[in-house]
Each structure stands twice: as C-alpha cells, then as structure tokens.
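Here is the structure we will look at, set down as structure tokens.
The values are calculated or read from the model by the stated rules, or taken from the named source; none is laboratory data. These figures come from a predicted structure and were not determined experimentally. Cβ coordinates were reconstructed from backbone atoms using ideal geometry, including for glycine residues, and neighbour counts include every protein chain displayed. All accessible areas refer to the heavy atoms of the entire protein, side chains included, with ligands and DNA or RNA removed. Shrake-Rupley method; radii C 1.70, N 1.55, O 1.52, S 1.80 Å.
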Amino acid sequence: MWYVSTRGIAPRVNFEGALFSGYAPDGGLFMPEELPQLDRETLCQWSTLSYPDLVKELCALFIGSELIPKDDLNDLIDRAFSRFRLKEVVRLSRLKNGLNVLELWHGVTYAFKDLSLSCTAQFLQYFLEKREKHVTVVVGTSGDTGSAAIESVQGAKNVDIIVLLPKGHCTKIQELQMTTVLKENVHVFGAVEGNSDELDEPIKTVFADVAFVKKHNLMSLNSINWSRVLVQTAHHFFAYFQCTPSLDTHPLPLVEVVVPTGAAGNLAAGYIAQKIGLPIRLVVAVNRNDIIHRTVQQGDFSLSKAVKSTLASAMDIQLSEVVTSESVSDEAITQTMGRCWDENQYLLCPHSAVAVNYHYQQMDRQQPSSTPRCCLAPASAAKFPEAVLAAGLTPETPAEIVALEHKETRCTPMQRGDNWTLMLQDTIEDLSRRWRGHALNASQ
C-alpha cells in the first residue's frame, strides 16, 4: 500500500512514511494511492467482528504484513485498547424513537481521540524501537486531542511530545488532563491569549521548514495524520453493522451516520469507509462555526472573520460526497441535551448533542425514514460539566476526573507578545540535544 500527497508533488511513501510525516513535504496530506474495494462477502464476514477485530482487519488492509506482520499488529492493537474501561472498547446505546448513539469515549481521557491515538502511538513505538530512533511530536489542541496524545505516548522512551493548548478555550477538565501529566517526555505550553487556529500558525511555520523537520525528527498527531483517519474508519463499520437490520438484501441496506465534526478527521474516515464499499450516508453536524456546513451547502470554504467560542469547543475550528449537513446553535445544543435526558435519562456531551440534534430535527419534521441512523458520540458528558449545567442538568463526574483537581500541574505560559514560533523551535532543539546525549551515553 502506497501513499501520495493530495498536492501531488511529494514522492510516494509507505504506511511508515505517512505515519511519521503528518503533512507531506509539499504541504499536502498523505492519502492511499489506491483504495481497496470490499465485496459483499467481506462485509458479511466482518459484520460479526468486535470493534477491536474490525480495527485489526482495516489496519492490516492499509499497512501491509511486510511492514507489520499480522501477529505483531494484533498485539499492538490489543495493547492500545488495554487501558479502556470497556472490554468491547466502544458501545452502542439504543435509545427511544430510533435514536442510536455510538459511544466512542471509553478510553483514558473520555474522548474518541483515545481510539485512534492509542493505536497510532503503538505503531510509532514499534517502528522507533526497530529503527532505534526518536521523534518529537508537536500537537495543537482545541480540546481532546492534546490529552489523548499525551496519554498515548506518556513515558515512552523514544518519543517526546509538545502540546500547545489555548488556555480558557478548553474546559477546565481538558486542561487538567494535559497539565497534570508530569512525565519527563511531556511538555505542555498554554497560550494565555489565542484560539486553536492561532496556535496552529507556529506549528505550521515550524513544519514548513523541511530541513528543520528532518533534522529534529518532527511529526504531528493532529487530525491530518493518516494513521488516525485509518483507525477512525472502524467507527463507521461498527456503526453500520450494529444498526443495519440485515445484510441479506440486494443491494445492501443503507445506514445514515451523523458525524459531529470540527477539523473533519472523523468525517474523512467516514468518506474513506464509504469509498471502499461501506453503504453509509454521511451527515455532517457542526456548531455555529460552520465552515464544513457552508462548504457542503454553498461550496463556501472561506474563513469567518472570527472563531466564536461555543459549548462544543472541539468544533471551534474553521480550517478543515456528504449528502447533507446541519449547523447547530448553542441554544439547540442545550435543548437537545435536556430532551435526551428527559426521554432517556441519558447524558450527552455538547458535541454528541450536535449530532443528536439532527436526529430530533428529522423526527420533528415528521420525516420518517426506513434508513437506520447512528449518531457518533465523541466524548463523555463527564468532560463538560459546564455545558451539562447550562442544559439545566446535573453533571456526573467519575472519581478519576474529580482527582485531577488535587494533582500537581506543569505548564509553560505563552503570552500574546511572545514569539511562539521561536519558543517552539527552541524547545524542539533542546529535546534533540537531550536525546543525542542519552543515545551517546547508552552507546558508551
């Protein structure tokens, strides 16, 4: 399996090359050169698989046994999911009036990013140990990516991670999940002023310097990394198999998957699933920072003048063959959270509520459909107590989240007048020197 840049200039690479590159050298994203096509027989065979086994099948398809032998791949994925609270890893909740919610948030940080990042970190460490190399991972976060990336690599001897977080734009719990990890290989910077798009600028500047990236073995684990998109295709397969009534019809039945999206990584995964033969119809659900909605409805991919803070903060992003899309206001988010609780005694996070709002709109318009619908739930309501309170509901906070309040924190502040790019470059250079020193000592 080969990967080519979406800009068509960079040389093609294998899965390992795509994994370590993040952005391609020409500024594009690495995607498969050709997409395999799954036939009905394969889909029927996969329909009874557990979620972890679906991940194994999909990864084997796109990685290749010459890079990671099947037994090794299975072990890596089992290790990736070993810290999840559910043995089955993800779970479908079947609620009233045809509402299906696929819970993707049973990992360490209570967010769906744990699924793809835990696997990606295992792939990284597999190759690094084989090649006796070190990488520095740089991540900008608007919410859950930073904490999931930190958890996936914390303590890894061949990986340092630098996370830039916009203070005040994440929830308190999200910030604490990042700043309370005190492992030597974890380095968190908090921008006191600045949103997630602004924080992406120094990261883009650093990655645009190809020589600097190569010299310091830099990579990104943001939504653009192909490994993350690959693992996330499994959500869509699992949603389909859980919600389809039967695979005995010709053609195979359709399932509608509602994807709450910010940077569109989960949406890209659904699109790939669709293209390799999964009969799903994708619906994009966004908050009022609606660039994806405007793109689908009007072909308008322009940036708004300002990114507005909303209850669904991971969607406060505008840089990012769906059938339809929906843009949801804060008021509609809290109303949806309240309605889902009243009808089901089920707490939604604000991002999940963006997807469920679409389901309720279809019901209220009295547009019954024979097509089953699955709403992806990217995070637990436990991470968003402020939004739960705003919906007039009572937050339910697990003990490990409560314990964050009492842990020591570590975070380097980034002020508006600081040169954020220079701060990032200096930290990267320092980590490279430290790694070279460790390697030298180990060889003596």
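Miscellaneous remarks
- Test: residue 343 is part of a helix (DSSP H, G or I), of a type in the set (Asp, Glu) and modelled with pLDDT of 95 or more: yes
- Hits in region 381-412 - residues which are touching a strand residue (DSSP E or B) at 6+ places or on another chain (Cβ under 9 Å) and crowded, with 24+ Cβ neighbours inside 10 Å: 383
Residues checked against (1) touching a strand residue (DSSP E or B) at 6+ places or on another chain (Cβ under 6 Å); (2) open to solvent by 10 Å² or more (accessible area, probe 1.4 Å); (3) closer than 30 Å to residue 46 by Cα:
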residue: 196; (1), (2), (3): yes, yes, no
residue: 200; (1), (2), (3): yes, yes, no
residue: 203; (1), (2), (3): yes, yes, no
residue: 207; (1), (2), (3): yes, yes, no
residue: 213; (1), (2), (3): no, yes, no
residue: 221; (1), (2), (3): yes, no, yes
residue: 225; (1), (2), (3): no, no, yes
residue: 233; (1), (2), (3): no, no, yes
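- Boolean, residue 278 is in contact with a His (Cβ under 8 Å, 6 or more places away or on another chain), over 21 Å from residue 358 (Cα atoms), surrounded by 21 or more Cβ atoms within 10 Å (Cβ to Cβ) and at pLDDT 95 or above: yes
- All conditions but one from (1) in contact with a Leu (Cβ under 6 Å, 6 or more places away or on another chain); (2) part of a strand (DSSP E or B); (3) at pLDDT below 95 apply to residue 199; the one that does not is (2).
- Meets criteria (small (Gly, Ala, Ser), in a helix (DSSP H, G or I) and within 20 Å of the chain's Cα centre (by Cα)) for residue 227: yes
- Only one of 103, 132 that is within 30 Å of residue 425 (Cα to Cα) and acidic (Asp, Glu): 132
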